[in-house]
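Since the structure comes first, as structure tokens, the remarks are kept for the end.
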Amino acid sequence: MAVVETRNLTKIFKQGEAGAVNDVNLATREGEFLVFLGPSGSGKTTLLRMIAGLETPTAGEILIGGRVVNQLSPRDRRIAMVFQSYALYPHLSVYNNICFPLKAQKVPRSQHRQKVEWAAGLLGIGRLLDRKPRELSGGERQRVALARAIVREPAVFLLDEPLSNLDAKLRASAREELEQFHKNVGTTTIYVTHDQVEAMAMGDRVVVLHQGVVRQIGTPKEVYENPADTFVATFLGSPPMNLLEFSDIVVGFRPEGFLPSDLVPGGKQVSFRYRVKYVEYLGAERVLYGNIEGSHFESKEIISRLSWNMPTGYEAGSVHDFSVSESDLHFFDRRSEKRTNPRPYPWQ
Amino acid sequence: MAVKHAKVKSAGAAQSPLLGAAMFGPAVLYIVLLIGAPFLLAIFYAFSDARIGSTHLHYVGLENFRSILHSPTFHQAVQNSIVFTVSAVVIVVICSTILALALEIPFRGRGIIRFLILLPWVAPVSLGTIGWKWLLDSIYSVFTWILVSLHFFTIYNAPMWLGQPHLAMASVVCVHCWRLIPFATVVMLAGSSAIPKEIPEAAGIDGSGYFRTLFWIKIPMMLPIINVAILFSAIFTFTDMTVVYILTDGGPFDSTQTIPNLAFSTGIQGGDLAAGAAISLFLVPVLVAVAYFMLRVAHRAEVV
Amino acid sequence: MRGKWRELGARLVHILVLLFFTVLLAFPFYWMLIATFKQNLDMYATRNNPFLFNLPPTLANLHLLFYETRYVRWLGNTALVGVIVVVITLLLAVPAAYALARLTGNWGERVGIAIFLTYLVPPTLLFIPLSRVVADLGLQDTIWSLVVVYPSFTIPFCVWLLMAFFKSIPKELEDAAMVDGLTRFGAFIKMVIPISISGILTVVIFTFTLVTQDFVYALTFISPEANQMVGVGIPIFLVRGDVYYWSSLMAACLIASLPIALLYNTFLDRFIAGFTVGAVK
């Protein structure tokens, strides 16, 4: 059972300061692709490193396959890790890089070649075996790192932002390869990233972290459509959700739900007079930035997102009727920032 | 009228070669005059009959070299120079690697320890060596006292650290090592701290224990730096005259004579500048070899 | 539980290694410290424990050193030579390093390496011809012989150190200064040098320590006791006939070594960065 579980996991680096990771409880499911998502400083990498055994927890337990592994060194945990920089051994050939874990684990020599070739074949780098890491492109290095990770047939994969060192164009294809890889191999994987697009595209479930605390765990659909607090609501989705603060609640609606009134389907909706300040033309969509007139939110910038096939005519300076469907509204308690039940509200 | 573009060349372009030459000219001139010229002069002297105070020089061909190569003292000096250098380098590299690994791990009091460890290197050569001269004195040596107290010897048959040929040689090598270990340690530390921390971590996750990671990953990655330490240690030992001069001045019975020390005693104390110059020229092949290896290390580092 | 024992064992080995080397490397200086204050009867009594004061400590050795030898004069000579050589070195090495780091592109690298290689030409090779040159210039037996000769090894070393340092300053800074109206040279004086103060300070310290380390040149060029440097004066003149004034000798060594050690220690990291910048990229 390759399930990773953490109970009350905490890491405090400096006495008296806030912890990097605070009381995290989570559990992976067998074979799933779990994403740790959060901005820098959210503790996601520290969390990953504790699971790997590279950092010692200040409090709490880590379980792999049902066993508490806190006391075990990384090599005894049956995990494999791919670092952000890939950490390939620069003086060894690709073949020897992949073979290194086998030698370290005292796998019989007779099996080395076969296993290395199997791992290399899985990632399509068979022809690169004699090269040195410095002769490889970024994408090829990622594949070598993955081959080295999988050759040990670990119970869990840990990936620390492996795509962030690649340039934008390469990132998309590398992402696709990773998803395909996971489908083929099926090992439980924990993936750390700050990129919410990656998280949504790749994750079976997403763990959203902020300042060392888990804000929400759920499928991409759940965290996007049902954010548990204002942080998750604004972190996922680009452009971010519009938030209006009242005395005791915060109401949010996503830009793609804030549309010209005649484009909003019938049913209960809230309408505003929307003055467009400026427009960003992005090809497949247009993003409007403007203000709601005649309310005490006039100074707050509200964003709307129109797809390319919606009518034009919403230029800078113009004023229109815009609406949001009541079912698209999200409510958060002002003080705790957490999701709360819909309530009547004074708009004007 | 054509518009003149204001040319803002980046600082990398040779905008003013004259300025550049003026700026590094004096330094280069100094080096040529005080290193290049004397070097050529040394070669010139080696083929002449120069003595201290002589006003006329005559060309004598290979005479100086012939008489040197026949001298048993010279043979001993060459042998010693090589033996001392190789021994010192081996000991220094091993000890400094161990010490660097020990210093890598952070611990309290690291700064003080680092200061103490560096003392042999930062203190002027001659002064540290004098300290050792007393520590190795035939009668008053600290080591003698310890050995006598432990009843290994009596005062009357205690070893003469600088008086018996083999012991003297060992003493000279030890003092060289003592001086060089701090230097080499610091260089090794720089090398090992240049290894990105994720690589030993990856090795740990891959299942590699401390020693496997050390020998198969860390040390191979430190090879350029280890080369630098080896080459500098070799140079400092091979071309050093101070330690031998102060400890033993080549004795007893020329057993610790080295090329630089022999050059000094022949050329300056003996007055025979030509012979002294000829002897010192035998340092050159080793220097050239070291320079070659240094360039190779630097070149390889660029390729990476 | 076995892990705990392993950890403890590793810690023990760690401490032992550190202890071993620290004692080995530093104990001669501890020894010098004690010897400085030991009475002669104590020093030369072979049965006495050399590590302790068997008789009460005394200042007599220091008194002898400072009042009855030329030690203070040597310290003065060394300081004077040091200061002058530092000035000469700075005047020549700073512009040279800058020029090589900036102006001559690919060439700069090669000349830089050539300059570094000259550092490998040892004094024990050049001292004989230089002794003749010094005599011919009439500088024999004066400290000026050293003032002239020392820059020959301080300049290459400092050029090399400073080159690495100047290269780390972004070129955009000087470009901005030139756009604002300074000439290239003006940018160098007004922008680069003020930024490089710490690098220049390092060079000053190391030049000074290089000067104090020399033995061969001072020994070869200078005979009279009064004009000698401290590194040569102590071994040559404080050894009097058959009787060694060892305690004073130890005091002399210690006093001359400590300030240099302290200076060196503060700037060590910069020094090592310069040393290894070629090999470790």
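The values are calculated or read from the model by the stated rules, or taken from the named source; none is laboratory data. Please read all numbers here as calculations on a predicted model, not as lab measurements. Note that we place each Cβ from the backbone using ideal geometry, even for glycine, and neighbour counts take in every protein chain shown.
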query: Given region B:218-299, what helices (runs of 4 or more DSSP H) lie entirely inside it while holding 3 or more residues that are more than 10 Å from chain C (Cβ to nearest Cβ) and touching a residue at least 60 places away in the same chain (Cβ under 8 Å)?
result: B:219-238
message: Which count do you get for residues in region B:273-302 that are surrounded by 20 or more Cβ atoms within 10 Å (Cβ to Cβ) and more than 30 Å from B:MET221 (Cα to Cα)?
response: 11
field: Pair list, Cβ under 6 Å, 6 or more apart: region B:133-152 residue facing chain C (nearest Cβ under 10 Å), other residue of a type in the set (Ser, Thr, Tyr) and surrounded by fewer than 19 Cβ atoms within 10 Å (Cβ to Cβ)
entry: none
message: Here is a check on your reading of the model: is A:PHE322 of a type in the set (Phe, Trp, Tyr) and part of a loop (DSSP other than H, G, I, E, B)?
response: no
- line: Apart from one, (1) of a type in the set (Phe, Trp, Tyr); (2) within 7 Å of chain B (Cβ to nearest Cβ); (3) without any contact (Cβ under 8 Å) to a residue 40 or more places away in the chain all hold for C:TYR98; the odd one out is (3)
task: Collect the residues in region B:20-39 that are surrounded by 20 or more Cβ atoms within 10 Å (Cβ to Cβ) and more than 16 Å from C:VAL121 (Cβ to Cβ), keeping them in residue-number order.
output: B:GLY20, B:MET23, B:PHE24
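Let's see how each residue does on (1) away from every other protein chain (no Cβ under 13 Å); (2) part of a loop (DSSP other than H, G, I, E, B); (3) over 25 Å from the mean Cα position of the chain (by Cα):
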site	(1), (2), (3)
C:GLY9	no, no, yes
C:ILE15	no, no, yes
C:PHE21	no, no, no
C:PRO28	no, no, no
C:LEU33	no, no, no
C:ASN48	no, yes, yes
C:THR58	yes, yes, yes
C:LEU64	yes, no, yes
query: Are there any pairs, at least 6 apart or on different chains, whose C-beta atoms fall under 7 Å, with the first in region A:65-94 and farther than 17 Å from A:GLN105 by Cα and the second hydroxyl-bearing (Ser, Thr, Tyr), and if so, which?
result: A:GLN84/A:SER164
query: Among the residues of region A:116-126, is there at least one that is buried (at least 20 other Cβ atoms within 10 Å of the Cβ), more than 14 Å from chain B (Cβ to nearest Cβ) and not in a helix (DSSP H, G or I)?
result: yes
- prompt: Restricting attention to region A:153-169, does a residue exist that is over 30 Å from A:SER42 (Cα atoms) and of a type in the set (S, T, N, Q)?
  reply: no
- line: Within region A:127-136, the residues that are surrounded by fewer than 16 Cβ atoms within 10 Å (Cβ to Cβ) and assigned to a helix (DSSP H, G or I) are A:ARG127, A:ARG134, A:GLU135
message: Among the numbered criteria (1) at pLDDT below 90; (2) more than 27 Å from A:ALA228 (Cβ to Cβ), which one does A:LEU244 miss?
response: (2)
- prompt: Do any residues in region B:50-62 that are over 23 Å from C:LEU137 (Cβ atoms) have Cβ atoms under 9 Å from those of residues that are at pLDDT 85 or above and part of a loop (DSSP other than H, G, I, E, B), where the two are at least six apart or on different chains, and which pairs are they?
  reply: B:TYR59/B:PHE47; B:VAL60/B:PHE47; B:GLY61/B:PHE47; B:LEU62/B:PHE47
task: Determine whether region A:208-226 contains at least one residue that is in a loop (DSSP other than H, G, I, E, B), assigned by TED's automatic domain parsing to the domain that holds A:ILE302 and on the phi > 0 side of the Ramachandran plot.
output: no
message: Being assigned to a loop (DSSP other than H, G, I, E, B), more than 9 Å from chain B (Cβ to nearest Cβ), at pLDDT 80 or above and on the phi < 0 side of the Ramachandran plot is the requirement here; does C:LEU80 meet it?
response: no
- request: Please find, among A:LYS115, A:LYS132, the residue that is in contact (Cβ under 8 Å) with a residue 40 or more places away in the chain, more than 16 Å from A:MET81 (Cα to Cα) and in contact with a helix residue (DSSP H, G or I) (Cβ under 9 Å, 6 or more places away or on another chain).
  value: A:LYS132
task: State whether one or more residues within region B:51-58 are more than 9 Å from chain C (Cβ to nearest Cβ), touching a strand residue (DSSP E or B) at 6+ places or on another chain (Cβ under 6 Å) and surrounded by fewer than 21 Cβ atoms within 10 Å (Cβ to Cβ).
output: yes
- request: Residue by residue through region C:35-46, note down the ones that are out of contact with any helix residue (DSSP H, G or I) (no Cβ under 6 Å at 6 or more places or on another chain) and in a helix (DSSP H, G or I).
  value: C:ASN40, C:LEU41, C:ASP42
query: Does A:GLY31 satisfy the criteria of being surrounded by fewer than 17 Cβ atoms within 10 Å (Cβ to Cβ), over 15 Å from A:ALA149 (Cα atoms), away from chain B (no Cβ under 14 Å) and at pLDDT 90 or above?
result: yes
task: Report, ordered by the first and then the second residue, all pairs with beta carbons closer than 6 Å, sequence separation of six or more or different chains, a first member in region A:181-205 that is over 14 Å from A:ALA155 (Cα atoms), and a second member that is of a type in the set (Val, Ile, Thr) and part of a helix (DSSP H, G or I).
output: A:VAL192/A:THR45
